[in-house]
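Accompanying notes for the structure given below.
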Amino acid sequence: MQTYSGIKRFVQENLGCTCPEEVLNKIDFQKDCADISASKVNVGGRLLIYIITMDGNTGIQEVINTALEKGVEERDRKEFNRFRMVLVTSSPDGLRSAAEKVFADSEYANEKTHLHIVSQSDVECFDSIDT
């Protein structure tokens, strides 16, 4: 695993992760995982993050429900502490209300799952990484 300072900063600042430093020094990033139609970040074997680009509200219920189910299953199977779903969009405020409702209504949402809605500029650190 490699350490990516931009991803570390994103996880701490944008997602509010308070993992210990030794956990944050072990970050694995997988771009464009076909099985989830998203990028995936493993932070020290404790935090699993799916990063999904959304162009609008179209299909949001299916995207969130599918990713949340797969993320929680992977979190539990690999014994991560938390799962965070990050939706990336050009208009976070336009997506927020619908996304939060779908997420909250899911049977997979609980105290160990979190939803974040961010702008494209928040995830620029991922663009410069070659996998």
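The values are calculated or read from the model by the stated rules, or taken from the named source; none is laboratory data. Just so it is clear, the model here is predicted, and its values are computed rather than measured. A quick note on method: Cβ atoms are made from the backbone with ideal geometry, for glycine too, and the neighbour counts reach across all protein chains shown. Ligands, DNA and RNA are stripped out before the accessible areas are found, and what is left, the full protein with its side chains, is counted by its heavy atoms. Shrake-Rupley method; radii C 1.70, N 1.55, O 1.52, S 1.80 Å.
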What is the diffusion coefficient of region 48-122 in µm²/s, taking the Kirkwood radius over Cα pairs and the Stokes-Einstein relation at 25 °C with a viscosity of 0.890 mPa s? 200
Report the normalised scattering of the chain as log10 I(q)/I(0) at q = 0.11, 0.15, 0.18 Å⁻¹, calculated by the Debye formula with identical scatterers on the alpha carbons. -0.34, -0.66, -0.97
DSSP loop (so not H, G, I, E, B), at most 10 other Cβ within 10 Å: list which trypsin sites (Lys or Arg not before Pro) in region 16-59 pass both filters. none
At 1.4 Å probe radius, can you tell me the per residue accessible area of the chain in Å²? 54
Using alpha carbon centroids, what distance separates region 88-104 and region 31-74, in Å? 14
Give, in nm to one decimal, the length gained when the segment between residue 81 and residue 118 is fully stretched (0.36 nm per residue of separation minus the Cα-Cα distance). 11.1 nm
Choice from 112, 70, 101 with maximal GNM fluctuation in the chain (Cα, 10 Å cutoff): 101
GluC sites (Glu not before Pro) within region 18-122: DSSP coil, no more than 13 neighbouring Cβ in 10 Å: 79, 107, 111
Considering only 104, 38, 67, give the residue with the highest GNM mean-square fluctuation for the chain, with springs between Cα atoms whenever their separation is below 10 Å. 104
